[in-house]
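Report on the following structure.
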Amino acid sequence: MRRTRSRSMQQASLILDAAHRLVLQKGDAFTTQELVKEAGVALQTFYRYFASKDQLLLAVFAEMIAAGCVRSVEDARDLPDPIARLRYYITSTLRSLDAEGDDKATARFIVSTHWRLQQNFPDEMAEAVRPFAALLLGEIQKGVAAGKLRPADPERAAWFVNELVRSVYHHYAYAAQPPATLPDDLWAFCLSALGGSPG
């Protein structure tokens, strides 16, 4: 039983890893046949784990968001206070739009695929993006406790900031060159909306 479960996890992992590689190369414009060839599994194996290509893309999307949040927490762990960490989470998300290679490919995949998946899997997509909102909420609550932020409703504020960051990210993902001040401008707006003071 344990061996069967281990093999199943390995096969699912092969499929997801192959999907990640193809996403970086082609966005979501790959076929299921290309995927199973890349993963080295049979087509029926793919359908054992995923009912459709869109369900696979949903899993890839969720993994990318979760992995990005883990990296952000690690990168921000030595920052001195919740305001600095909150600023980092917001601005680094937008600064990633200036990246090249895998980061640029990831950004474009997230933007181009998001709304189609949102239409087909609204509940699952809400769950997929929850980790970033949770990061924001945690730091907002700590900022409130420290007397540095004064939102009327921290949970609702985190949701609005999350939606705003995502909207700006989507708007500029395909831009040749986002404005250089964009991350700091968005941070200033969010800080003011949360009842914080600059400096």
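Conditions (1) in a helix (DSSP H, G or I); (2) closer than 30 Å to Gly143 by Cα; (3) among the hydrophobic types (A, V, I, L, M, F, W, C), marked per residue:
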position	(1), (2), (3)
Ile15	yes, no, yes
Ala18	yes, no, yes
Leu35	yes, no, yes
Glu38	yes, no, no
Asp78	no, yes, no
Arg87	yes, yes, no
Which count do you get for residues in segment 144-169 that are in contact (Cβ under 8 Å) with a residue 60 or more places away in the chain and either more than 22 Å from Leu94 (Cα to Cα) or outside any helix (DSSP H, G or I) (or both)? 3
Members of segment 54-74 found to be under 16 Å from Asp17 (Cβ atoms) and either free of Cβ contacts under 8 Å to residues at least 40 places away in the same chain or in contact with a strand residue (DSSP E or B) (Cβ under 7 Å, 6 or more places away or on another chain) (or both), listed by number: Ala67
Taking segment 20-33 and the residues there that are free of Cβ contacts under 8 Å to residues at least 60 places away in the same chain and assigned to a helix (DSSP H, G or I), the one that is nearest to Leu58 (Cα to Cα) would be His20
From the list Thr93, Thr106, Thr113, exactly one residue is in contact (Cβ under 8 Å) with a residue 12 or more places away in the chain, open to solvent by less than 30 Å² (accessible area, probe 1.4 Å) and in a helix (DSSP H, G or I). Which is it? Thr113
Considering each residue of segment 31-58, count those that are within 26 Å of Thr93 (Cβ to Cβ) and open to solvent by less than 30 Å² (accessible area, probe 1.4 Å), and give that number. 3
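The values are calculated or read from the model by the stated rules, or taken from the named source; none is laboratory data. Just so it is clear, the model here is predicted, and its values are computed rather than measured. Counting neighbours? That spans all protein chains shown, and the Cβs are built from the backbone with ideal geometry, glycine included. All accessible areas refer to the heavy atoms of the entire protein, side chains included, with ligands and DNA or RNA removed. Shrake-Rupley method; radii C 1.70, N 1.55, O 1.52, S 1.80 Å.
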